[in-house]
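S.K.: I'd like to ask some things about the structure below.
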Amino acid sequence: MKIIVTGGAGFIGSNFVRMSVARGHRVVVLDALTYAGHKENLDGIIGTGDFEFVKADIGDKRAVTKLFQDFKPNYLFNFAAESHVDRSIDGPSIFITTNVLGTSNLLDCSLEYWKSLDDSGKKLFRYLQVSTDEVYGALGDIGKFSETTPYSPNSPYSASKAGADHLVRAWHHTFGLPTITTNCSNNYGPYQFPEKLIPTMIRCALAEQPLPVYGKGGNIRDWIQVEDHCNGIWLAMDRGRPGETYCFGGNAERNNLDVVKSICREMDQLIPRANGRKYEELISFVTDRLGHDWRYAIDDSKATKELGFKRKYNFEDGLKHTVRWYFENQAWMRQVMSKSRKSG
């Protein structure tokens, strides 16, 4: 297939591009290379397919339209988003610009392109929106999110993603554009920007710095390894029905403190501290995040039944692989963090 991957130089997007090229697809990556998008994330890609890179913003109508006209894709996968909750609290407007207005532009350009296709092209084309479980709000101690859970976003980030999802739904029901939306739990794995929980803890531990945990560390998340998530996205595109939503989880609920302690144990095994002490001693509790959702968890039985979704990784094996990847790629971490500080 010929596919456009917006946000393909980010964490999940770059892992998806690697998987897609390995499977033989032709890929064009469109990315504005903001603080969390890095061409280094696409280095060393191998496979029977190929890819090219276009630097542009998803809100640039001229650039997106030209890409459709020149490449004539079968599918578009929209990974492009401002995605860090803390940054959305400090500056919400860029989240609205990228996540809402950018998605609106992609939908407009996709619709214009789709209308220009012949009947077979129209039948094949799909637009897939990659979303998050955070649009559903927060859970108590029991229950799980599913495709029928009402939206109830609690942060500027999740509100902007919810707005984008509603636009995708509207473009399908109003204009007939064949769209699919996916919602996932917390991703982890290679190439995640080192401001998120797991890479932050690994980076700080390697530097012998305090490991900052919000509040008392009791907030609970469900964790999915990024390769499992990317495989689910392909299943949704290949087997999913236009207009439908599919949820992907990791069946791996952990509170934040337990996740950090698990990282510390892996670090103790992989690279023991010079002073012989345990990494857990570096844990430091900090002021909780504003509006911090208590718990997320996903019921992905619909994806399991309708798409044949299966996970390759359990959390323990996935975390072990992740810790080792960051340890072996410290130069990458230093490079992307340095670029982020320069770009603000």
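Nothing in this text is a laboratory measurement; each read-out follows from the coordinates by a stated rule. Fair warning: this is a prediction, and the values are worked out from it, not measured in the lab. Here the Cβ positions follow ideal geometry from the backbone for every residue, glycine too, while neighbour counts run over all protein chains shown.
S.K.: How large is ³J(HN,Hα), in whole Hz, for each residue of the range 262-273 in order, when computed from phi with the Karplus curve 6.51 cos²θ - 1.76 cosθ + 1.60 and θ = phi - 60°, using x for Gly and Pro?
M.R.: 5, 4, 4, 5, 5, 5, 4, 6, 7, 9, x, 5
S.K.: Here is a further query. DSSP loop trypsin sites (Lys or Arg not before Pro) in the range 1-66 with at most 14 other Cβ atoms within 10 Å of their Cβ, which ones?
M.R.: ARG23
S.K.: Note the angle between two axes, namely the Cα long axis of helix 197-206 and the longest principal axis of the Cα atoms of the chain, as a number of degrees from 0 to 90, rounded to the nearest 10.
M.R.: It works out to around 40 degrees.
S.K.: Have a look at ALA303, ALA22, ALA56 and tell me which one the Gaussian network model of the chain (Cα, springs below 10 Å) gives the largest fluctuation.
M.R.: Greatest mean-square fluctuation among the candidates belongs to ALA22.
S.K.: Tabulate in residue order the Karplus-calculated ³J(HN,Hα) for the range 24-30, using 6.51 cos²θ - 1.76 cosθ + 1.60 with θ = phi - 60°, rounded to whole Hz; enter x for Gly and Pro.
M.R.: Once θ is set to phi - 60°, the couplings for the range 24-30 become x, 7, 8, 10, 10, 8, 10 Hz.
S.K.: Report, to two decimal places, the Cα Rg of the range 145-253 normalised by 2.2 N^0.38 Å (N = number of residues).
M.R.: Relative to the 2.2 N^0.38 Å estimate, the range 145-253 comes out at 1.28.
S.K.: Sticking with this one: Between PHE285, PHE315, GLN69, whose Cα lies farthest towards the positive end of the dipole of the chain when Lys and Arg beta carbons carry +1 and Asp and Glu beta carbons carry -1, centred on the Cα centre?
M.R.: GLN69
S.K.: How many nm separate the modelled label positions at SER338 and SER152, each set 7 Å beyond the Cα in the direction of the Cβ?
M.R.: Rounded to a tenth, the inter-label distance reads 4.7 nm.
S.K.: Please report the relative contact order for the chain, taking Cα pairs under 8 Å with a sequence separation of at least 6, and give it as a percent rounded to a whole number.
M.R.: Relative contact order for the chain comes out at 18 percent.
S.K.: Once the cut-off is 17 Å, how many percent of the Cα-Cα pairs in the range 1-52 end up in the long-distance tail?
M.R.: Summing the P(r) tail past 17 Å for the range 1-52 gives 22 percent.
S.K.: Rank these for me by crowding, GLU52, GLU134, GLU40, GLU266, going from fewest to most other beta carbons within 10 Å.
M.R.: GLU52, GLU40, GLU266, GLU134
S.K.: Assuming a ≥ b ≥ c are the square roots of the Cα gyration tensor eigenvalues, decide whether the range 1-124 counts as rounded (a/c under 1.5), prolate (otherwise, with a/b larger than b/c) or oblate.
M.R.: Oblate, because a/c is 1.5 or more while a/b does not exceed b/c.
S.K.: Let me ask something else about it. Using 0.36 nm per residue, how much length does the chain from ASP86 to SER116 gain when fully extended, once their Cα-Cα distance is taken away?
M.R.: 6.7 nm
S.K.: Per 0.36 nm of contour for each residue apart, how much would the distance between GLU208 and LYS72 grow if the chain were fully extended, relative to their Cα-Cα spacing?
M.R.: In short, 44.0 nm is gained.
S.K.: Which whole-number percentage describes the relative contact order of the range 27-70, with Cα contacts under 8 Å and a sequence gap of 6 or more?
M.R.: 48
S.K.: I would also like to ask the following. Anything over 26 Å Cα to Cα? Flag those among LYS2/LYS196; LYS161/LYS261; LYS2/LYS123; LYS216/LYS320; LYS161/LYS196, in the order listed.
M.R.: Cα-Cα > 26 Å for LYS2/LYS196; LYS161/LYS261; rest within.
S.K.: Taking Rh as the Kirkwood radius computed over C-alpha pairs, what is the Stokes-Einstein D of the range 209-344 at 4 °C in a medium of viscosity 1.567 mPa s, expressed in µm² per second?
M.R.: The estimated diffusion coefficient comes to 74 µm²/s.
S.K.: Size of the dipole of the chain about the Cα centre, Lys and Arg at +1 and Asp and Glu at -1 on the beta carbon, nothing else charged, in debye to 20?
M.R.: Roughly 460 debye for the chain.
S.K.: Sticking with this structure for a sec: Out of GLY232, GLN269, PHE248, whose Cα points farthest toward the positive end of the dipole of the range 200-289 (charges: +1 Lys, Arg; -1 Asp, Glu; placed on Cβ)?
M.R.: GLN269
S.K.: In addition: Could you list ILE94, ILE220 in order of exposure, starting from the residue whose Cβ has the fewest other Cβ atoms within 10 Å?
M.R.: If I rank by nearby Cβ atoms, fewest first, I get ILE94, ILE220.
S.K.: Right, here's the next one. Could you pull out the GluC sites (Glu not before Pro) across the range 160-249 that fall in loop regions by DSSP (anything but H, G, I, E, B) with no more than 12 other Cβ atoms inside 10 Å?
M.R.: Listed in order of number, the matching sites are GLU208.
S.K.: In addition: Take CYS264, CYS247 and order them by how many other Cβ atoms sit within 10 Å, fewest up front.
M.R.: CYS264, CYS247
S.K.: For a quick check of your reading of the filter: which trypsin sites (Lys or Arg not before Pro) in the range 226-278 sit in a DSSP loop and have no more than 16 other Cβ atoms within 10 Å?
M.R.: Here the trypsin sites (Lys or Arg not before Pro) that fit, given the DSSP loop and packing criteria, are ARG273, ARG277, LYS278.
S.K.: How large is the charge dipole for the range 82-170, taken about the Cα centre, if only the Cβ atoms of Lys, Arg (+1) and Asp, Glu (-1) carry charge, to the nearest 20 debye?
M.R.: That gives the range 82-170 a dipole magnitude of about 260 debye.
S.K.: Continuing with the same structure: Would you mind working out the magnitude of the charge dipole of the range 230-275 relative to its Cα centre, with +1 at each Lys and Arg C-beta and -1 at each Asp and Glu C-beta, to the nearest 20 Debye?
M.R.: 60
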